[in-house]
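Student: Provided herewith is a single structure, encoded as structure tokens, for subsequent inquiry.
Just so it is clear, none of the values below were taken in a lab; they were calculated from the coordinates. Just so you know, these numbers come straight off a predicted model, no measurement behind them. Virtual Cβ from ideal backbone geometry, glycine too; neighbours counted across all protein chains shown.
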Amino acid sequence: MEQYLVKNKIVVQKKMELTSNEAIKQAIIAGLGISIMPIIGIQNELQNGDLQIIEMKDFPLETNWNLIWLKSKNLSLVAKAFKKHLEEHKDQIIEQHFTWFKNIE
């Protein structure tokens, strides 16, 4: 993130570090500043108008999510079924649960 700010000549006057996404959301709602957060964590606040997205050049930053587990752990039957379900239905799950943000103005 700091590289993005430097590259785009964005100067940050003051910084605040908070320990949770919820604390960050509440600070923003209280008018204490702006932040960069995963969109999935602010769905309700965007939909009810408490927060808004500020369009910026070269955004959004995109990340990959991974399903992980302890290498030495033998997955239970339920965990194996869940993993298989995700592998087989990934595109449908994304479409059903994660395209909501495209409709937010």
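Student: If I model a spin label at ASN74 and LEU86 as a point 7 Å from the Cα along the Cα→Cβ vector, what separation in nanometres do I get?
Tutor: The answer from the label model is 2.2 nm.
Student: Treating only the Cβ atoms of Lys and Arg (+1) and Asp and Glu (-1) as charged, compute the dipole magnitude of the chain about its Cα centre; round to the nearest 20 debye.
Tutor: Numbers: 13 positive and 13 negative charges, 100 e Å.
Roughly 480 debye for the chain.
Student: Okay, moving on. Tell me the mean residue ellipticity at 222 nm calculated for the chain from its helices only (DSSP H runs of n ≥ 4, each -39500 (n - 2.57), averaged over every residue, nearest 500). Don't skip to the end; give the middle numbers.
Tutor: Numbers: 4 runs with 41 residues, N = 105.
The per-residue figure over the chain is -11500 deg cm²/dmol.
Student: Along the charge dipole of segment 2-103, Cβ charges K/R +1 and D/E -1, which of THR19, ASN8, LEU32 sits furthest on the positive end?
Tutor: Selected residue: THR19.
Student: From the phi angles alone, apply the Karplus equation (6.51, -1.76, 1.60; θ = phi - 60°) to segment 16-30 and give each ³J(HN,Hα) in whole Hz, x where the residue is Gly or Pro.
Tutor: Calculated HN-Hα couplings, in order: 9, 10, 10, 9, 8, 4, 5, 4, 5, 4, 5, 5, 5, 4, 6 Hz.
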